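Below is one structure, written out as structure tokens, with a few remarks after it.
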Amino acid sequence: MRFLLTSLILILGTITYCNAQNKQLLYNVKGLPQSLLNNPGTNVNFDGHVGIPLFSKFHVSAGSSGVNLFDIFDDSKPDVNRKVSSTIRRLTRNDYFKVHQQLEILSFGWRLNNGQYLSAGVYQEADMFAYFPKDPVLLVNEGNNAYLNVPFDFSDVSFTGEILTVYHIGINKKINKKLTLGVRGKLYSGIFNVSSTENTGLFTTRDDPENPNFYRHFAENINIRVNTSGYASLNNTGRTVQESTRDLLKRSFFGGNIGAGLDIGATYNLAENFRITGSVLDIGIMYQQHDVENYLYYGSYETDGIEPLFPDVAPSDNTIPYWDLFEDEVDRNLKDETVNEKYKTWRPVKFNAAVEFGFEEMFEVCDYRKTYKRRNYNLIGVHLFGVKRPRSMNYALTTYYDRKFTNNFRAKISYTVDDFSYYNVGLLLSTKIKKFNFYLAADNLIGYFNLAKSQSASIQFGMQFIFKK
Amino acid sequence: MSFNKHLKIVVLLLLFSVVIVSCVKGIDLDQTEEIALTPDLQVSLLTFDVTGIDFKDEDSGIFTPIIRDTVRLEFLDDSYIQDDLVTVEFSFKYTNSFPHPFRNKISFLSENDRTQHVVSFDIAPGDKNSPVVTDWVELIENANIDVIKKSIKMVVEIEALPNQSPFEGELKFESKGLFSFEF
């Protein structure tokens with residue numbers, strides 16, 4: 001048990017190392033193909049791209065809305081258990097932990113003869129999200145002694161997790177000088193999924209004087225369900241590592257559970273140097289049908305304890321098995337089942353909206369054979385990001401300054417306010433050597449000076465060839 | 001080298017340094033060794049309500065001054081009790097409306113019926129209109145906790161100590177355990 005708690009704290013602490021899902025540094029960066037994944041309707045200022053396989057984009061991010069390692073392991077306060085207890089009491093059921101990772105396997109795109117930009121690729125994604133299960137953790141850490149007549153609410157348990165491969169193709173079309181629209185179709189190939197989001201149930205210990213014993217314990221409307229897919233077979237201890245690896249690879253290529261989704265986006269130029277952009281990503285559903293296992297615990301029960309009948313033998317002269325009778329009654333009323341029922345999950349839909357203003361116009365060498373679009377060295381903007389989570393939308397608001405120093409080098413600095421931090425400063429650098437582009441972006445830079453006090457971080461980098469006519 | 005090239009190198013180095021030279025300060029991860037869950041769980045144990053009928057032999061109808069019953073507490077054998085139980089505080093409460101005193105004996109027995117721990121106390125006589133409450137708290141501290149870890153049965157024995165008054169009334173029993181763990 002202690003091992004589990006210690007592992008949980010370390011994992012949660014580690015999570016705080018690495019703000020998830022929100023890729024504000026890559027949003028509205030027109031020179032990078034990855035901006036098309038954040039807004040398929042972005043203005044594309046290149047004519048082709050090919051990512052270096054497995055290296056065109058790696059993103060890992062994590063966040064914890066209410067706790068960091070320093071809260072638990074502050075070396076100036078030696079009583080770690082007091083810190084754990086006070087942190088558990090301080091956190092709320094709406095505090096959450098999340099980890100997000102993306103690895104682009106293939107990425108390419110080119111401008112079609114009709115001027116539209118076609119982009120496609122494959123990426124692997126992992127996304128884990130859990131609300132802090134406040135009441136169950138409180139019960140396990142402190143027990144019910146200090147919480148008589150106070151219900152422990154099992155609806156606090158809510159988490160999702162998935163690992164999948166995404167195959168996508170998108171088209172970006174400039175409708176007119178003002179409007180660009182884009183859409184991306186996605187096919188999801190599920191590797192693993194876990195979901196437990198609609199739980200209910202209260203456990204209460206009441207000391208009502210009307211009760212026949214000191215306390216009556218109530219388990220009311222318990223309904224806990226954990227859906228999994230892609231877990232049961234891996235949990236099969238008889239399989240070799242090679243068999244499991246082969247199975248995982250098969251699932252990556254539609255050998256397991258599948259789904260489909262859509263990204264839509266648009267850019268509208270209010271003026272040459274003033275635009276609004278927006279996108280909705282992952283409007284998608286997954287059908288979990290293979291290798292599905294669901295763990296259920298449900299029912300209601302109340303007890304005052306065991307009631308001996310005196311004398312201690314039944315008419316048959318056998319001792320009355322009070323405990324067995326009690327256990328049977330509990331099992332009849334609180335059922336524990338494992339079933340194999342198909343289920344579907346919605347992908348965590350995200351939206352982006354931004355307003356961007358450019359200044360200091362760029363002057364390019366005059367060539368009467370080319371048509372030039374007015375561009376600016378400097379861009380400033382405000383970007384709102386939202387992601388749907390089981391209980392609500394989570395938001396992040398970013399302001400940014402994007403400076404193009406030369407045709408081959410740009411930097412973007414951002415300041416984000418979200419559930420993790422009020423002083424999240426991020427930096428993106430993107431450089432080109434001829435057609436080869438490398439970019440690196442990191443969030444919450446101040447947090448890196450002491451990761452123990454940081455509640456979120458993200459890093460992403462990639463390299464690719466970008467072509468311009 | 002142009003200003004922009006210098007700037008590019010400086011900024012790239014700066015970003016790399018921030019990411020690579022990032023550090024963790026002011027924490028002591030050795031404290032993980034000391035992390036423990038210490039729940040205090042209040043658990044209802046046995047409850048009953050006996051009257052004069054319970055002191056009569058079922059077959060012969062003859063008064064029997066001593067009655068007893070045994071309840072197996074199987075959870076005492078579970079690993080969380082065996083490995084992580086630190087203290088137990090048992091609370092027993094009798095509410096007596098018999099005008100007679102009783103002698104109570106609660107025994108904790110092992111699987112082979114060896115007595116591990118006994119709690120004995122007298123139950124004060126009461127009155128039909130004003131029952132008397134007798135409370136008893138038995139603390140089993142860490143030094144002595146093995147007596148509970150070795151137990152699996154709880155035997156409740158009540159001995160009536162009759163007097164001249166009619167043997168009529170009700171004897172209610174309540175019990176609970178406050179189990180303190182360190183996981």
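What you get for chain A, charging only the Cβ of Lys and Arg (+1) and of Asp and Glu (-1), is a dipole of about 4460 debye around the Cα centre.
Which whole-number percent of Cα pairs in region A:16-99 have a distance greater than 14 Å? Here the tail beyond 14 Å accounts for 73 percent of pairs. Taking only the alpha carbons of region A:223-282, we obtain Rg and Dmax values of 21.3, 64 Å in that order. Relative intensity of region A:195-251 on a log10 scale, I(q)/I(0) at q = 0.30 Å⁻¹, equals -1.12, per a Debye sum over C-alpha point scatterers of equal strength in the absence of solvent. The convex hull defined by the C-alpha atoms of region B:39-81 has an orientation-averaged projected area of 4.6 nm². Listed by chain and number, the aspartates and glutamates placed with their C-alpha closer than 19 angstrom to that of A:LYS134 are A:ASP71, A:ASP95, A:GLU142, A:ASP153, A:ASP156, A:GLU198, A:GLU220, A:ASP419, B:ASP40; residues fewer than eight positions away on the same chain are left out.
Peptides A:355-361, A:378-384 ranked from most to least packed, by the mean per-residue count of other Cβ atoms within 10 Å: A:378-384, A:355-361. Taking only the Cα atoms of region A:105-236, the radius of gyration and Dmax are 25.2, 84 Å. Ranking A:LEU139, A:TYR423, A:SER56 by Cα position along the charge dipole of chain A, where only Lys, Arg, Asp and Glu carry charges on their C-beta atoms, puts A:SER56 farthest toward the positive end. Using only Cα atoms and rounding to the nearest 10 degrees, what angle (0 to 90) does helix B:3-20 make with the longest principal axis of chain B? It is inclined by approximately 20 degrees.
Take each residue in A:443-455, count the other chain C-beta atoms within 10 Å of its C-beta, and the mean is 3. With the convex hull of the Cα atoms taken as the outline of region A:333-469, the averaged projected area works out to 14.8 nm². Positive contributions from Lys and Arg (+1) and negative ones from Asp and Glu (-1), summed over other residues with Cβ under 13 Å from the Cβ of A:VAL339, come out at -1. The mean number of Cβ atoms from other chains found within 10 Å of a Cβ in peptide A:213-223 is 3, as a whole number.
Counting only other residues whose beta carbon sits under 12 Å from that of B:GLU74, what net charge do I get with K and R as +1, D and E as -1?
-3
Take each peptide in A:27-35, B:54-62, A:82-90, count the other Cβ atoms within 10 Å of every residue, and average; sorted highest first, the result is A:27-35, A:82-90, B:54-62. Taken over chain B, the convex hull of the Cα atoms encloses 197 Å³ per residue. Say the cut-off is 20 Å between C-alpha atoms; which of A:LYS435/A:LYS469; B:LYS105/B:LYS128; A:LYS404/A:LYS468; A:LYS173/A:LYS469; A:LYS23/A:LYS388 go over it? From the list (A:LYS435/A:LYS469; B:LYS105/B:LYS128; A:LYS404/A:LYS468; A:LYS173/A:LYS469; A:LYS23/A:LYS388), the Cα-Cα distance tops 20 Å for B:LYS105/B:LYS128. With a threshold of 18 Å on the Cα-Cα distance, the over-threshold entries among A:LYS178/A:LYS350; A:LYS174/A:LYS432; B:LYS93/B:LYS172; A:LYS335/B:LYS149 are A:LYS178/A:LYS350; A:LYS174/A:LYS432; A:LYS335/B:LYS149. Net charge near A:VAL349: determine it from the other residues with C-beta under 11 Å of the C-beta of A:VAL349, scoring Lys and Arg +1 and Asp and Glu -1. Net charge in that neighbourhood comes out at +2. Take the Kirkwood radius over Cα pairs of region B:117-177, plug it into Stokes-Einstein at 37 °C and 0.692 mPa s, and you get 227 µm²/s for translational diffusion.
A Cβ-based charge dipole, computed about the Cα centre of region A:19-168 with Lys and Arg at +1 and Asp and Glu at -1, lands at about 340 debye. The phi torsions of region B:61-70, fed into the Karplus equation with coefficients 6.51, -1.76 and 1.60 and a -60° offset, translate into couplings of x, 7, 4, 10, x, 10, 10, 8, 8, 10 Hz, rounded to whole numbers, with Gly and Pro shown as x.
Cross-link partners for B:LYS25 among the lysines, with Cα-Cα distance under 21 Å and sequence neighbours closer than 8 places in the same chain left out: A:LYS77, A:LYS83, A:LYS453. A simple charge model with +1 on the Cβ of Lys and Arg, -1 on the Cβ of Asp and Glu and nothing else charged puts the dipole of chain B at about 940 debye relative to its Cα centre.
Per the Kirkwood formula applied to alpha carbons, region A:208-311 shows a radius of gyration over Rh ratio, Rg over Rh, of 1.33. Only DSSP H runs of four or more residues enter the estimate; each adds -39500 (n - 2.57), and after division by the residues of chain B the mean residue ellipticity at 222 nm equals -4500 deg cm²/dmol.
Regarding chain A, what's the average projected area of the Cα-atom convex hull, expressed in nm²? Dividing the Cα hull surface by four gives the mean projection, 29.1 nm². Take each residue in A:141-150, count the other chain C-beta atoms within 10 Å of its C-beta, and the mean is 4.
Rule-based calculations on the coordinates, nothing more; no lab input. In this text the structure is predicted, and so the values were computed from the model without any measurement. Note that each Cβ is placed from the backbone with ideal geometry, even for glycine, and that neighbours are counted across all protein chains shown.
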